[in-house]
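Worksheet: the structure to be examined is printed underneath.
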Amino acid sequence: MKTVAVLGGGPAGSFAAEQLARTGMKVMLFDEKLAWEKPCGGGLTYKAYNEYPFLLDNDTPKRLVHETTITAPKAGEVKMALAQPLVIYARMDLNRMLLQRAERAGAAIEKTRILGLDRLDQGWRLRTKHGIAEADFCIIATGARNPLREVGTELGAKDTMSTLGYYVPGSQAQIDIQFLPKLEGYIWVFPRCGHLSVGICGKGESARALRDRLELYMAERTISVKGATFYSHMLPSLEKPGWQKNRTAGEGWLAVGDAGGLTDPITGEGLYYAIRSGDLASRVVLDDAHGLVQKAAAYRAVLAREFALDLEFAAMLAKKVFLGSFMFDSVPARMVQFMRRSPRFRDLMQELFAGTQPYITLKGRLLRNLSGTLQEVLMNLLLNRVVPERTSAGL
């Protein structure tokens with residue numbers, strides 16, 4: 001294998017291109033937009049920047065956020081200081097940094113649209129807006145709206161999540177998360193450098209209905225849309241059947257990031273999975289122990305070991321997290337109440353925010369800690385009730 005074509009210049013494609021080019025392999029990266037402002041929060045968890053320290057140690061503008069506020073209907077809000085801060089970039093800045101790293105490593109970058117992909121006896125022929133190119137292997141990093149139907153994940157109607165929002169002039173110190181009644185999704189406010197990303201993601205509702213929910217939230221909190229820039233996008237959010245048939249690899253190609261459906265079905269977070277899948281794909285490509293067919297199987301296996309099985313399990317939890325009930329109240333309401341009163345539960349939420357608590361072991365941990373959590377909640381309620389009584393009695 002001499003030449004690899006990377007189709008897409010987002011975080012997944014850029015990082016795969018960098019890793020391959022660093023070995024001296026000829027790498028061609030094609031992207032129609034290159035650095036652009038993808039509609040999303042832009043947050044990187046501790047898991048991401050701990051695995052790849054350059055995501056924190058660089059000169060690119062970013063915000064380190066050390067506090068979050070979570071609100072649920074009928075439960076009010078709870079504030080939590082983050083033991084491990086979230087790192088928030090404007091996506092144009094992050095994408096530009098990753099593309100520059102790929103180019104410095106030796107990848108050839110071309111701003112053009114891929115019009116078609118043809119399988120040859122030996123490799124691929126790429127038809128671009130500017131001509132023809134050939135490669136021995138392809139990394140598919142074309143995002144959720146992949147125009148190349150023969151490669152990458154195949155998203156069904158239930159396997160996507162709508163996301164939309166506004167870039168609003170302003171600043172604040174904390175991240176805000178707002179759960180909403182009867183919505184498999186949530187509203188966020190992420191502080192970035194120079195503005196706020198105020199958005200909503202959800203499944204099962206039209207974009208118009210989601211926008212109405214978001215604008216009502218903004219009006220109630222006097223967040224003005226005047227001077228704000230609207231955005232909308234689609235994210236992969238595979239349900240369990242989608243994960244079971246997910247098409248992440250084939251003979252001569254591997255799909256990374258959103259093009260492989262590799263997004264958290266609960267949070268919609270995809271940056272860690274984009275960068276990690278780009279890294280894993282590059283390792284499989286470089287491994288001479290596998291032929292073309294074996295590379296596809298090897299990549300699927302390593303994705304499963306690393307995180308795909310965990311995300312498949314998350315797909316089974318998503319509706320319960322947003323729409324389920326526990327102890328006669330909604331799961332989001334109980335989450336806020338437990339965070340307010342139970343140190344054990346706050347520790348669990350810290351790890352979820354950091355990205356270090358797998359979903360596949362979450363239920364077991366919750367069950368093991370349930371008794372202690374309930375005891376902490378009851379003691380907290382009792383103490384809060386006793387202290388005011390003693391104070392009013394002059395004790």
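Please give the net charge around GLY170, taking every other residue with its beta carbon less than 14 angstrom from that of GLY170, where Lys and Arg add +1 and Asp and Glu add -1.
Details: positive: ARG63, ARG192, ARG221, LYS226; negative: ASP176.
Combined, the nearby Lys, Arg, Asp and Glu give +3.
So what is the 222 nm mean residue ellipticity for the chain from helices alone, if each DSSP H run of at least 4 adds -39500 (n - 2.57) and you divide by all residues, rounding to the nearest 500 deg cm²/dmol?
Helices in the chain give a 222 nm mean residue ellipticity of -12000 deg cm²/dmol.
Which peptide among 143-149, 159-165 comes first, and what is the full order, when sorted by highest mean count of other Cβ atoms within 10 Å? Don't skip to the answer; put the middle values down first.
Working: 143-149: 16.9, 159-165: 22.1.
Peptide ranking by packing, descending: 159-165, 143-149.
Between ASN58 and MET316, what length comes free when the chain is fully extended (0.36 nm per residue of separation minus the Cα-Cα distance, one decimal in nm)?
Residue separation times 0.36 nm, minus the Cα-Cα distance, leaves 89.2 nm.
Please identify every one of the trypsin sites (Lys or Arg not before Pro) in the range 229-311 that sits in a loop by DSSP and has no more than 13 other beta carbons within 10 Å of its own beta carbon.
Counting only loop positions with at most 13 other Cβ atoms within 10 Å, the trypsin sites (Lys or Arg not before Pro) in the range 229-311 are LYS245.
Order of 255-262, 117-124 by packing, highest average Cβ count within 10 Å first?
Numbers: 255-262: 30.4, 117-124: 14.0.
Packing order, densest peptide first, comes out as 255-262, 117-124.
Determine the alpha carbon to alpha carbon distance for each of LYS38/LYS320; LYS26/LYS111; LYS203/LYS240; LYS33/LYS129 and list only those over 20 Å. Please list the in-between numbers first.
On the way: LYS38/LYS320 29 Å; LYS26/LYS111 17 Å; LYS203/LYS240 15 Å; LYS33/LYS129 13 Å.
Where the Cα-Cα span goes over 20 Å, the pairs concerned are LYS38/LYS320.
What are the membrane-span-like helices in the chain by this rule: whole DSSP H runs, Cα extent along the axis at least 30 Å, mean Kyte-Doolittle hydropathy at least -0.5?
Counting only whole DSSP H runs, the qualifying helices are 362-392.
In a Debye calculation with equal point scatterers on the alpha-carbon sites of the range 136-187 and no solvent, what is log10 I(q)/I(0) at q = 0.16, 0.17, 0.20, 0.30 Å⁻¹?
Ignoring solvent entirely, the Cα scatterers give -0.78, -0.82, -0.91, -1.28.
Are there any chymotrypsin sites (Phe, Trp or Tyr not before Pro) in the range 288-356 that are in a DSSP loop and have at most 16 other Cβ atoms within 10 Å? List them by number. Could the numbers behind the result be given before it?
Working: sites: TYR299, PHE307, PHE313, PHE322, PHE326, PHE328, PHE338, PHE345, PHE353; in loops: PHE328.
When the chymotrypsin sites (Phe, Trp or Tyr not before Pro) of the range 288-356 are filtered for loop state and at most 16 Cβ neighbours within 10 Å, PHE328 remain.
Tell me the relative contact order for the chain as a rounded percent, counting alpha carbon contacts under 8 Å between residues six or more apart.
Here the relative contact order equals 19 percent.
Any idea how far the Cα center of the range 164-188 sits from the one of the range 228-268, in Å?
22
Around LYS33, which amide H atoms from residues at least 5 apart in sequence, or from another chain, sit under 5 Å from its own amide H, with H modelled in the peptide plane?
Residues meeting the criterion, in which the H sits 1.01 Å from N, do not exist here.
Of ALA107, THR23, ILE177, which is farthest towards the positive pole of the chain's charge dipole, taken about the Cα centre with +1 and -1 on the beta-carbons of Lys, Arg and Asp, Glu respectively?
ILE177
Sorted by packing (mean other beta-carbon atoms within 10 Å per residue), highest first, where do 10-17, 86-93 land?
Packing order, densest peptide first, comes out as 10-17, 86-93.
Measuring from a point 7 Å past the Cα of ARG283 along Cα-to-C-beta, which residues in the range 41-57 have an amide N at less than 20 Å?
45-56
Loop sites only, by DSSP: take the GluC sites (Glu not before Pro) in the chain that have at most 14 other C-beta atoms within 10 Å and name the longest stretch containing none of them.
In short, 1-149.
Return the long-range amide H neighbours of GLU239 (sequence gap of 5 or more, or a different chain), with a cut-off of under 5 Å between placed amide H atoms.
Those lying under 5 Å, H to H, from GLU239: there are none.
Work out how much length ARG221 to GLN172 would gain on full extension: take 0.36 nm times their residue separation and subtract the Cα-Cα distance, in nm to one decimal.
Value of the extension gain: 16.3 nm.
From the mean inverse distance of alpha carbon pairs (Kirkwood) and the Cα radius of gyration, derive Rg over Rh for the range 28-130.
1.15
Would you please classify the overall shape of the chain from the alpha carbon gyration tensor, given that a ≥ b ≥ c denote the square roots of the eigenvalues, rounded means a/c under 1.5, and beyond that prolate means a/b larger than b/c while oblate covers the rest?
Prolate, because a/c is 1.5 or more and a/b exceeds b/c.
Share of the chain's accessible area from carbon and sulfur, percent, 1.4 Å?
For the chain, the apolar C and S fraction of the accessible surface comes to 54 percent.
Give the shape of the range 10-49 as rounded, prolate or oblate, defined through the alpha-carbon gyration tensor: a ≥ b ≥ c are the square roots of its eigenvalues, a/c under 1.5 means rounded, and otherwise the shape is prolate if a/b is larger than b/c and oblate if not.
oblate
The values are calculated or read from the model by the stated rules, or taken from the named source; none is laboratory data. All figures in this text were calculated on a predicted structure; none of them were measured in a lab. No Cβ is skipped: glycine too gets one built from the backbone with ideal geometry, and neighbour counts run over all protein chains shown. In case anyone asks, the SASA skips ligands and DNA or RNA and just uses the protein heavy atoms, side chains included. Shrake-Rupley method; radii C 1.70, N 1.55, O 1.52, S 1.80 Å.
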